[in-house]
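The values are calculated or read from the model by the stated rules, or taken from the named source; none is laboratory data. These numbers were taken from a predicted model, which means no experiment stands behind them. Ideal geometry is used to build each Cβ from the backbone, glycine not excepted, and the neighbour counts take in all protein chains shown. Accessible surface areas use protein heavy atoms only, side chains included; no ligands, DNA or RNA. Shrake-Rupley method; radii C 1.70, N 1.55, O 1.52, S 1.80 Å.
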Amino acid sequence: MDLEGRAKKLIIKNDSEAARKLADGMKEYKELSDAEAFALAGAVLEETKAALSLKGDIFNYGKSGIGMGRFGVGSRGAGDFYVHEKIGKVIGKTSAVLDASNLDDSGVIGTGGENNELLVLTVDGMHSRLSAFPFLAGFHVAKAALRDIYVMGAKPAAMLSDIHVADDGDVSVIFDHIAGITAVSELTGIPLITGSTLRIGGDMVIGERMTGCVGAVGTVCSDGLTARGNATPGDLILMTEGAGGGTVTAAAVYSGYAKAEEVVEKTLNVDFLTACRALIDSPGRLHTKIHVMTDVTNGGVRGDAFEISKEAGVRLVFDDDALALCVEPAAGEMFKALGIDFRGVSIDSLLVICPEETAARVIQTVGAAGVKMYVVGRVEEKSPDKYGAALITRGEEKEFKPMFREAAYTPLKKVIGEKEPADFESMKKKIDASVAMAIEKRERIVKKIKERSGSSKE
């Protein structure tokens, strides 16, 4: 429970029962006497009122009036992709080789070294539904961070972690979570070397929820960079078999699936990382002949197809039967039983786009490392009269694009649905306005600080 958020609403409504309602909420989580609960509630209200009384735009922001969930942020669909584009706009174009404006898995910046080596950075948040399973959350977020380094053609060097646990969470979840991260470290030889541990919201958030992230850093020579914008007409699209990660685990756990344990056990692998390492370490550095590598995560392969088509300015065509081969059988059986569209969820599959003459060697190299890989499509010239990405099913071609949210994979997500809200376009305009306000605010405050610094030196 977010005590501060609850207090704000009660204060704004001028609710005479604010203290009692806050005290009752606290007693649901904590063993408190009435006197203790009311004392804490009074302090929460006092602090919240103080914060609400502050004036000036330093303490406020240009609200869009659009909630995160309503717009699908974090749900790996059209709304989420739109917000990520806008994040890139707020950041602006940087001096990096690749930054947030490129829609790639990681950022890339030059080191200034003589051998033209590039530094690759990424960060991934743990799956929000795995808070109650800290080891699984740690394992899968570590794997996700390393995936994002590898798919840039880079070798990961180290990881870092950030763990936040709410006030009533058991301290032991920290250790179990780190154990999950370092299990991936031991399997890959890539160490976890630093991090941070805090409470969510300090004293203002009660409950047991955990969240956090894992970051990773790696290096790559400029001739080995495999960014999404490199896809070229005539290339073939390849994918490895994937058993899934955090998403598949959450689907198995929260859907009451009879074979949940088996499915989750299958996700505990580092096949994706093994396949990437095999390509990077191969004789002749085979990955330098690959145009694109990416992980099938954000909204599934349909989400990746959308982003690659947009970034590279090409058309991607997929064979539906071939895509089905890329789902590990236990996960595939669960998807069918639960009515989950595997094309719209993360399956932890490596997607490679490369010249046709390179494809056989890629498949052979990955196969020799113990990972299955298949040709699933091709890259074509983009034209205004055809879809940017297409799916061929039983000879019929259809548009292959993200839904408003990723494919619903838990009972709650099925209730929320995947359809685009009727007011999506009007919500976009409100978000655009808030983006403009954020940029204007930054520029104004930076100017003020520079002017103040300049006058203080005189």
| field | Compactness index (Cα Rg / 2.2 N^0.38 Å), region 187-280 | value | 1.52
| At LYS30 and LYS336, where each label point lies 7 Å from the Cα along Cα→Cβ, what is the point-to-point distance in nanometres? | 5.2
| In percent, what relative contact order does the chain have, based on Cα pairs under 8 Å that are 6 or more apart in sequence? | 17
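For a quick protection proxy, order the peptides 15-23, 227-235 by their average other-Cβ count within 10 Å, most packed first. Display every interim value, and only then the final one.
Values: 15-23: 16.3, 227-235: 18.7.
Listed from highest to lowest mean packing, they are 227-235, 15-23.
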| field | Rg(Cα)/(2.2 N^0.38 Å) for region 329-458, N = residue count | value | 1.71
| request: Provide Rg over Rh for region 286-333; use the alpha carbon set for both Rg and the Kirkwood Rh (inverse mean inverse pair distance). | output: 1.01
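Ranked highest first by the average count of other Cβ atoms within 10 Å around their residues, in what order do 381-390, 145-154 fall?
145-154, 381-390
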| said: Ranking request for peptides 115-121, 211-217, 364-370: highest mean number of other beta-carbon atoms within 10 Å first, then the rest in descending order. | reply: 211-217, 115-121, 364-370
| note | Averaging 1/r across every pair of distinct alpha carbons in region 229-373 and inverting yields a Kirkwood hydrodynamic radius, in angstrom, of 15.6
| message | At a threshold of 8 angstrom on Cα-Cα distance, excluding pairs fewer than six apart, so keeping six or more, what relative contact order does region 20-132 reach in percent? | response | 10
| Per-residue ³J(HN,Hα) for region 391-402, Karplus 6.51 cos²θ - 1.76 cosθ + 1.60, θ = phi - 60°, Hz, x for Gly and Pro | 10, 9, 10, 6, x, 9, 9, 10, 5, 10, 9, x
| remark: Whole-number value, in Å³ per residue, for the convex hull of the alpha carbons of region 80-172 is 136
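If each residue of separation counts as 0.36 nm, what is the full-extension length gain between ARG199 and ASP15 once their alpha-carbon separation is subtracted?
63.4 nm
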| said: Can you report the principal axis dimensions of region 263-306 using only the alpha carbons, biggest first, rounded to whole angstrom? | reply: 36, 30, 8
| Per residue convex hull volume, Cα atoms of the chain, in Å³ | 187
| note | Dividing the mean separation of Cα pairs under 8 Å (6+ apart) by the residue count of region 290-419 yields a relative contact order in percent of 39
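With a 1.4 Å probe and every protein chain left in place, work out the accessible area per residue of the chain in Å², rounded to a whole number.
Accessible surface, normalised per residue, equals 48 Å².
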| Considering only DSSP beta bridges with both partners in region 100-244, what is the antiparallel share in %, to the nearest 5? | 75
| Kirkwood hydrodynamic radius of region 17-146, Cα pairs, Å | 19.6
| query | Once every DSSP H run of n ≥ 4 in the chain is given -39500 (n - 2.57) and the sum is divided by its residues, what mean residue ellipticity at 222 nm do you get, rounded to the nearest 500 deg cm²/dmol? | reply | -14000 deg cm²/dmol
| note | Eigenvalues of the alpha-carbon gyration tensor of region 143-235, times 5 and square-rooted, give semi-axes in Å, largest first, of 34, 15, 10
| Where both partners of a DSSP beta bridge lie in the chain, what percent of those bridges are antiparallel, to the nearest 5? | 80
| query | Given the Cα-Cα distance of ALA50 and ILE439 and 0.36 nm per residue of separation, how much length would full extension add, in nm? | reply | 137.3 nm
| query | For region 347-402, how big is the tail of P(r) above 19 Å, as a whole percent of Cα pairs? | reply | 44
